[in-house]
1. Restricting to region 1-56, what's the tally of residues that are within 10 Å of the ligand (Cβ to nearest atom), open to solvent by 70 Å² or more (accessible area, probe 1.4 Å), touching a strand residue (DSSP E or B) at 6+ places or on another chain (Cβ under 6 Å) and without any contact (Cβ under 8 Å) to a residue 24 or more places away in the chain?
2. Would you confirm, using the coordinates I've provided, whether Lys68 is open to solvent by 70 Å² or more (accessible area, probe 1.4 Å) and away from the ligand (no atom under 14 Å from the Cβ)?
Amino acid sequence: MLKLSHLNPEWASYRLGIFICLNCSGIHRNLPQISRVKSLRLDFWETDLIEFMKKHGNLCAKAKYEAKVPPYYYIPQSCDCLVLKEQWIRAKYEREEFVATRICQDPCSAGTREGFLWKRGRENRQFQKRRFLLSAREGVMKYYTKEVSSSARVDRR
Ligand SMILES: [Zn+2]
């Protein structure tokens with residue numbers, strides 16, 4: 001899926017459950033190991049394929065395959081050349097570069113991150129271990145100035 005949506009999405013990948021344009025259908029057709037293409041108008045659609053398309057769709061694919069696109073990553077637009085689009089499609093669906101890790105998909109841990117960082121001490125210039133906590137809900141990064149107690153469970157030195 002391209003950023004400005006596909007112009008005239010008359011095609012679909014029934015493996016990925018997405019609607020795509022003619023240009024992208026050509027690219028998907030060349031990647032049979034990850035995608036299978038049908039025309040919305042010209043091809044016959046079996047009932048179970050229609051059900052599959054209903055359950056999935058572009059937003060669903062975006063949520064999965066674009067979960068971790070870096071902010072600086074250039075996502076091709078409708079007007080971009082095919083080479084750029086193919087690179088994007090391969091990165092997204094073939095190499096699954098932007099699929100979230102299992103930790104990120106867990107909604108229970110999505111709001112906060114906890115870990116350790118090394119802070120150079122003011123007096124002795126030695127690095128000291130400090131616990132930190134990122135909270136999306138509170139919009140803060142808490143940072144503990146006291147030495148981490150030895151009873152801390154997550155110690156990955
Ligand atoms: Zn397209």
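The values are calculated or read from the model by the stated rules, or taken from the named source; none is laboratory data. This one's a predicted model, so the numbers in the text were calculated from it and none came from an experiment. Neighbour counts run over all protein chains shown; Cβ positions are idealised from the backbone, glycine included. What goes into the accessible areas is simple: the full protein's heavy atoms, side chains included, and nothing from ligands, DNA or RNA. Shrake-Rupley method; radii C 1.70, N 1.55, O 1.52, S 1.80 Å.
1. Residues flagged as within 10 Å of the ligand (Cβ to nearest atom), open to solvent by 70 Å² or more (accessible area, probe 1.4 Å), touching a strand residue (DSSP E or B) at 6+ places or on another chain (Cβ under 6 Å) and without any contact (Cβ under 8 Å) to a residue 24 or more places away in the chain within region 1-56 amount to 0.
2. On the way: open to solvent by 70 Å² or more (accessible area, probe 1.4 Å): yes; away from the ligand (no atom under 14 Å from the Cβ): yes.
In short, yes.
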